[in-house]
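Report on the following structure.
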Amino acid sequence: MPLAVRDPELFGVTESSVALNFRIEDGAGPVDARAEVLLDGAVCAVSEGPAGTRHVRIEGLEPARRYRLDVAVRGADPVARTPYFPESFETHPAPPGGEVARFATLNDLHFGEPRFGGVLTDDGEWGGEHADWPCVRETEGPVPYWKLMNEDAVAEINAADVDWTVIKGDIADMGKPEQFAAARECFAKFDRPWHAFLGNLDFYALLEGRTVDGYELLGQPRAPRTLDLAGWRLVLVDTVRPSHHHGELDGERLAWLARTLEETRETGTPTLLFMHHHPVPPERSDTYPNKIGIRPEHSVALFEVVGKHPQVRGVLIGHTHRNRVRRHRAAGRTPFAEVGCTKDYPGGWAHYRLFEDGSFRQEIRRTSSERALAHSTRCAGFFQGSYRTFALGTVDQQSFCVEGSR
């Protein structure tokens, strides 16, 4: 049977590297046929398998250079081009200054989730199981899918030798003590410090009439709070209204944030904000997932606060399970970067580098163990094939550079 390259994805670009994923299939499914990855027509990597989704990372590229990209398989048709796998890509420019620190983020880990997939309602909520809407259950396989995805992400972060990791909420799927216990057991495997704050799901025990203190169970200080790293200020913002899906930044929380940002503006300290929910401008509040973001009137106030503080280099977000970068006029050039979830598709984490001139860089990495790729690939086709388009985002939504000054 003829071979074909399926679902190629350009996944992560830096000034010196690129990563991509793909499968080789015949009419019966994935095979371990040889594949060559070519840049400008020259073979830069060879993949002999596995018979499933493959992850290839190429290092040693030149900064600020455009490369023509291809995957060649003997007997296969040329690779189909999509927004996720263009004909070429450009590496980022060389960093303008010295690197001072690295960190990682995880979000939407959903420890204890019983299933993923099934029917999706018009409002974007889960509507039950149905034969025509596939799903995966935690009881399938030797370990629950959320356990393998989260543990393998932690292992990759350890290998990346970051200074610490920030976990941006939705840690326990229904806010149950045993789910927080599973999370803490997993986080104990970090080689370096980790810092967590809670999302909306972490309070959902309230829906069953139980009060569970996730911060205490994780052994973490409560948000909001700040962290200092190599001359940068990291601000962990609390956007949760317990037992509700949407987020809020009411007057007291926003006043705390404004005071905190005044401090870093006075000292000229480059600052990053971290939050679980994403802000929503009023004109976009009627679409999913904006219906479950920060209340529009609170979002407008947030944009105004950020716009007054040029030292805020970025706002790093979870919750939406997708890779997107938004900018809002009132907030100036500050990017609001949503990062896809860790526990399903595309199944990964974000890698950040901070520089002495106040610039930073984001690179989304897909968890690349064979079992993680198998699970995340399966999930890509959920919700009648729409999940891949919703979650993945193009490479410029995954990996980007932010200058040190405006």
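Could you please tell me which pairs satisfy a Cβ distance under 6 Å, a separation of 6+ or placement on different chains, a first residue in the stretch 210-239 that is open to solvent by 60 Å² or more (accessible area, probe 1.4 Å), and a second residue that is modelled with pLDDT of 95 or more?
Qualifying pairs under 6 Å: Leu217/Phe180; Arg222/Tyr215.
(1) open to solvent by less than 40 Å² (accessible area, probe 1.4 Å); (2) part of a helix (DSSP H, G or I); (3) not hydroxyl-bearing (Ser, Thr, Tyr): which one isn't true of Glu263, the others all being true?
Condition not satisfied by Glu263: (1).
Identify, by number, the condition in (1) under 30 Å from Cys186 (Cβ atoms); (2) out of contact with any strand residue (DSSP E or B) (no Cβ under 6 Å at 6 or more places or on another chain) that Ala337 doesn't meet.
(2)
Only one residue in Val312, Val300, Val305 is open to solvent by 30 Å² or more (accessible area, probe 1.4 Å), out of contact with any Phe, Trp or Tyr (no Cβ under 9 Å at 6 or more places or on another chain) and under 23 Å from Glu248 (Cβ atoms), so which one is that?
Numbers: Val312 fails: open to solvent by 30 Å² or more (accessible area, probe 1.4 Å); Val305 fails: open to solvent by 30 Å² or more (accessible area, probe 1.4 Å).
After ruling out the rest, the residue left standing is Val300.
In the stretch 317-325, is there at least one residue being open to solvent by less than 30 Å² (accessible area, probe 1.4 Å), touching a Phe, Trp or Tyr at 6+ places or on another chain (Cβ under 7 Å) and part of a loop (DSSP other than H, G, I, E, B)?
Taking every residue of the stretch 317-325 in turn, at least one turns out to be open to solvent by less than 30 Å² (accessible area, probe 1.4 Å), touching a Phe, Trp or Tyr at 6+ places or on another chain (Cβ under 7 Å) and part of a loop (DSSP other than H, G, I, E, B).
Among the listed residues Thr53, Thr82, which satisfies the condition of being under 22 Å from Ala372 (Cα atoms) and among the polar types (S, T, N, Q)?
Values: Thr82 fails: under 22 Å from Ala372 (Cα atoms).
That would be Thr53, the only listed residue that is under 22 Å from Ala372 (Cα atoms) and among the polar types (S, T, N, Q).
Quick one: how many residues across the stretch 157-197 are under 24 Å from Asp228 (Cα atoms), in a helix (DSSP H, G or I) and either under 16 Å from the mean Cα position of the chain (by Cα) or hydrophobic (A, V, I, L, M, F, W, C) (or both)? Even if it seems obvious, please write down each step before you answer.
We begin by selecting, within the stretch 157-197, every residue under 24 Å from Asp228 (Cα atoms); these are 157-171, 184, 187-197.
Right, trim to in a helix (DSSP H, G or I) and you get 157-160, 184, 187.
Restricting the remaining residues to those that are either under 16 Å from the mean Cα position of the chain (by Cα) or hydrophobic (A, V, I, L, M, F, W, C) (or both) gives 157, 159-160, 187.
So the answer is 4.
How many residues are open to solvent by less than 20 Å² (accessible area, probe 1.4 Å), within 15 Å of Gly118 (Cα to Cα) and part of a loop (DSSP other than H, G, I, E, B) when one looks only at the stretch 384-394?
So the answer is 0.
In the stretch 330-345, is there at least one residue being open to solvent by 10 Å² or more (accessible area, probe 1.4 Å), in contact with a helix residue (DSSP H, G or I) (Cβ under 7 Å, 6 or more places away or on another chain) and assigned to a strand (DSSP E or B)?
If we filter the stretch 330-345 for residues that are open to solvent by 10 Å² or more (accessible area, probe 1.4 Å), which is where we start, we get 330, 332-333.
Okay, now just the ones that are also in contact with a helix residue (DSSP H, G or I) (Cβ under 7 Å, 6 or more places away or on another chain), so 330, 332.
Of the ones still in play, those that are also assigned to a strand (DSSP E or B) are none.
No, because not a single residue in the stretch 330-345 is open to solvent by 10 Å² or more (accessible area, probe 1.4 Å), in contact with a helix residue (DSSP H, G or I) (Cβ under 7 Å, 6 or more places away or on another chain) and assigned to a strand (DSSP E or B).
Please state which of the following conditions Ala155 fails to meet, knowing it meets all the rest: (1) at pLDDT 95 or above; (2) among the hydrophobic types (A, V, I, L, M, F, W, C); (3) surrounded by 18 or more Cβ atoms within 10 Å (Cβ to Cβ); (4) within 24 Å of His319 (Cα to Cα).
Evaluating Ala155 over (1) at pLDDT 95 or above; (2) among the hydrophobic types (A, V, I, L, M, F, W, C); (3) surrounded by 18 or more Cβ atoms within 10 Å (Cβ to Cβ); (4) within 24 Å of His319 (Cα to Cα) leaves (3) as the failure.
Would you tally the residues in the stretch 353-374 being farther than 16 Å from Leu392 by Cα, touching an Asp or Glu at 6+ places or on another chain (Cβ under 8 Å), not basic (Lys, Arg) and not in a loop (DSSP other than H, G, I, E, B)?
So the answer is 2.
Name the residue that is nearest to Trp349 (Cα to Cα), counting only residues in the stretch 96-131 that are free of Cβ contacts under 8 Å to residues at least 40 places away in the same chain and either open to solvent by 60 Å² or more (accessible area, probe 1.4 Å) or not in a loop (DSSP other than H, G, I, E, B) (or both).
If we take residues in the stretch 96-131 being free of Cβ contacts under 8 Å to residues at least 40 places away in the same chain and either open to solvent by 60 Å² or more (accessible area, probe 1.4 Å) or not in a loop (DSSP other than H, G, I, E, B) (or both), then Arg115 is nearest to Trp349 (Cα to Cα).
Give me the residue from the stretch 60-95 that is basic (Lys, Arg) and in contact (Cβ under 8 Å) with a residue 12 or more places away in the chain and, out of that set, least open to solvent (accessible area, probe 1.4 Å).
Looking at the filtered set, the residue picked out is Arg65.
Can you say whether Gly175 is touching a helix residue (DSSP H, G or I) at 6+ places or on another chain (Cβ under 6 Å) and either surrounded by 21 or more Cβ atoms within 10 Å (Cβ to Cβ) or among the aliphatic types (A, V, I, L, M) (or both), as far as the supplied structure shows?
Working: touching a helix residue (DSSP H, G or I) at 6+ places or on another chain (Cβ under 6 Å): yes; either surrounded by 21 or more Cβ atoms within 10 Å (Cβ to Cβ) or among the aliphatic types (A, V, I, L, M) (or both): yes.
Yes.
Hey, Trp146 hits all of (1) in contact with a helix residue (DSSP H, G or I) (Cβ under 6 Å, 6 or more places away or on another chain); (2) open to solvent by 10 Å² or more (accessible area, probe 1.4 Å); (3) in contact (Cβ under 8 Å) with a residue 40 or more places away in the chain; (4) among the aromatic types (Phe, Trp, Tyr) but one; which does it fall short on?
(1)
The values are calculated or read from the model by the stated rules, or taken from the named source; none is laboratory data. On a predicted model such as this, the values are computed, not experimentally measured, just so you know. Reconstructed Cβ throughout: ideal geometry from the backbone, glycine too, with neighbour counts over all protein chains shown. Just the protein is used for accessible areas: all its heavy atoms, side chains included, with ligands, DNA and RNA removed. Shrake-Rupley method; radii C 1.70, N 1.55, O 1.52, S 1.80 Å.
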